[in-house]
Amino acid sequence: MKKIHFLIFILIIFSCSNKEQRQESLIQKGYQSLDKGQTKQALNYFESATDLNNENPSAWNGIGVAHYQDGHPYEAIQAFGKALQNKPEYTRAYYNRSNAFYQTGEYYRALDDLEPVLEVYQDSAFAHLAKGLALVGLKNYEDAEKSFHTALKLDNQNAEIQTNLAAVYYYKKEYDKALPFLNDALELNPKEANAWNLLALIQSEQENYEQALESVNKALEIQANQPYFLNNRGYIYTFIGELDKAYADLRKSIVRDEKNPFVYRNLGILALKNEEYNEAIRQLNNALERKKDLPSAHYYLGEALRLNDQLSDACNAYVKSSELGDEKGIQALQKYCNE
């Protein structure tokens, strides 16, 4: 549910030399290019500015934003660090580096960078939203919920905050609490694709697959070919028996994002439905290679192994699923492995 909000505004310094004026002009052109999505051009402007003065924090901040928007968060982190070396109180660079740390999965470091931001901008809904997202990454859902509620008090007309608060309740399996926030989000912004997708996930968990299909299709109308949405629709198609459509969506998803463990899990479930047990085992192991603590993948691996006459291995998979709190895994362990 992550959307990045970079702080890229700059303080205009009225220069007393031609060199400073040229640098300031390059920096302004760089940020104007970022606004237009012209990241390569922006990077050229910012790098030219650092050639004139390698210690300008605004130029390094711009380089960081350009790298991030080009999909290079590690390079962005280095650039934001350069900005902070030259101006340790530069809260914009802290905020932006926090977003980059979030992208690389370094959630503790993301939280550390938000501390100086929140000291200055206590009333920033975006800063509290970013804190909540990092806490979700750490699976600290209680504190994430508090952060999102704080953000919502500061901006109660923000559909993104509503959606992320609903996501916390989804992760906690408190679906009745999630739904009102999703309804509010979609009332505020009917084109909030993540809200439609999350609604589809909740409807799937409640086994309302036809409704889930309608919801995820609305998400895909807004963001066509988004890999997570395609993956979720493939999962839904599997459970309503449209297996060819399920396979097509899952393959499209994996082409666009081959690192997502859930798409391999879903390919495993699909193979299981097709009674292709060896293929199911292969795909579910692929999922667990990418995310070893995925309880549902352990459960379905147990199912595939059991149906493939490998009961001992199946019970080991059910045990792992149970230890991770999967209710189906607990039931399967009691049913098949307690003799």
### Message
Can you name every one of the helices (runs of 4 or more DSSP H) wholly within segment 272-329 that holds 3 or more residues which are open to solvent by 50 Å² or more (accessible area, probe 1.4 Å) and within 23 Å of Leu243 (Cβ to Cβ)?
### Response
277-290
### Task
Report, ordered by the first and then the second residue, all pairs with beta carbons closer than 7 Å, sequence separation of six or more or different chains, a first member in segment 175-190 that is assigned to a helix (DSSP H, G or I) and among the aliphatic types (A, V, I, L, M), and a second member that is open to solvent by 70 Å² or more (accessible area, probe 1.4 Å) and modelled with pLDDT of 95 or more.
Leu188/Gln157
### Message
If I ask for residues that are closer than 20 Å to Thr50 by Cβ, open to solvent by 10 Å² or more (accessible area, probe 1.4 Å) and of a type in the set (A, V, I, L, M, F, W, C), which ones from segment 71-123 would you list?
### Response
Ile77, Leu84
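Test Ile8 against the criterion of being open to solvent by 50 Å² or more (accessible area, probe 1.4 Å), modelled with pLDDT under 90 and of a type outside the set (Asp, Glu), and give yes or no. Spell out the reasoning first.
Values: open to solvent by 50 Å² or more (accessible area, probe 1.4 Å): no; modelled with pLDDT under 90: yes; of a type outside the set (Asp, Glu): yes.
So Ile8 fails the test.
Output yes when any residue across segment 107-118 is of a type in the set (Val, Ile, Thr) and either at pLDDT 95 or above or within 29 Å of Asn140 (Cα to Cα) (or both), and no when none is.
Yes.
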### Query
Could you say whether any residue in segment 68-83 is within 22 Å of Gln38 (Cα to Cα) and of a type in the set (Ser, Thr, Tyr)?
yes
### Query
Based on what the data block shows, is Ala83 of a type in the set (A, V, I, L, M, F, W, C), closer than 17 Å to Leu135 by Cβ and in contact (Cβ under 8 Å) with a residue 12 or more places away in the chain?
no
### Query
Got at least one residue in segment 247-254 being touching a Gly at 6+ places or on another chain (Cβ under 6 Å), closer than 30 Å to Asn189 by Cα and either among the aliphatic types (A, V, I, L, M) or open to solvent by less than 70 Å² (accessible area, probe 1.4 Å) (or both)?
yes
### Message
Please count how many residues of segment 255-271 are under 26 Å from Tyr171 (Cα atoms), assigned to a helix (DSSP H, G or I) and open to solvent by less than 50 Å² (accessible area, probe 1.4 Å).
### Response
9
### Message
Within segment 193-230, take every residue that is more than 25 Å from Lys177 (Cα to Cα) and polar (S, T, N, Q) and give me the one that is surrounded by the fewest Cβ atoms within 10 Å (Cβ to Cβ).
### Response
Asn225
#### Entry: Filter result (outside any helix (DSSP H, G or I) and touching a residue at least 24 places away in the same chain (Cβ under 8 Å)) within segment 222-240
Gln223, Asn225, Gln226, Ile240
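Filter segment 140-158 for residues that are under 16 Å from the mean Cα position of the chain (by Cα) and either modelled with pLDDT under 95 or under 12 Å from Leu129 (Cβ atoms) (or both) and give the result.
Taking segment 140-158 first, the residues under 16 Å from the mean Cα position of the chain (by Cα) are 140-141, 144, 148.
Ala144, Phe148, listed by residue number.
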## Note on the structure
When every residue in segment 138-168 that is in a helix (DSSP H, G or I) and among the acidic types (Asp, Glu) is compared, the one least open to solvent (accessible area, probe 1.4 Å) is Glu160
### Query
When you scan segment 96-137, how many residues do you find that are among the polar types (S, T, N, Q) and in a helix (DSSP H, G or I)?
4
### Message
So if I check each of Ala49, Ala66, which one is within 25 Å of Gly105 (Cα to Cα), open to solvent by less than 40 Å² (accessible area, probe 1.4 Å) and part of a helix (DSSP H, G or I)?
### Response
Ala66
### Task
Output the qualifying pairs, or none if there are none: Cβ atoms under 8 angstrom, residues six or more apart or on different chains, first residue in segment 194-221 and farther than 16 Å from Gln162 by Cβ and free of Cβ contacts under 8 Å to residues at least 60 places away in the same chain, second residue in a loop (DSSP other than H, G, I, E, B) and open to solvent by less than 60 Å² (accessible area, probe 1.4 Å).
Tyr209/Ile240; Glu210/Ile240; Leu213/Ile240; Leu220/Gln226
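The values are calculated or read from the model by the stated rules, or taken from the named source; none is laboratory data. These numbers come from a predicted model, not from an experiment. Virtual Cβ from ideal backbone geometry, glycine too; neighbours counted across all protein chains shown. The area values use the complete protein model at the heavy-atom level, side chains included, leaving out ligands, DNA and RNA. Shrake-Rupley method; radii C 1.70, N 1.55, O 1.52, S 1.80 Å.
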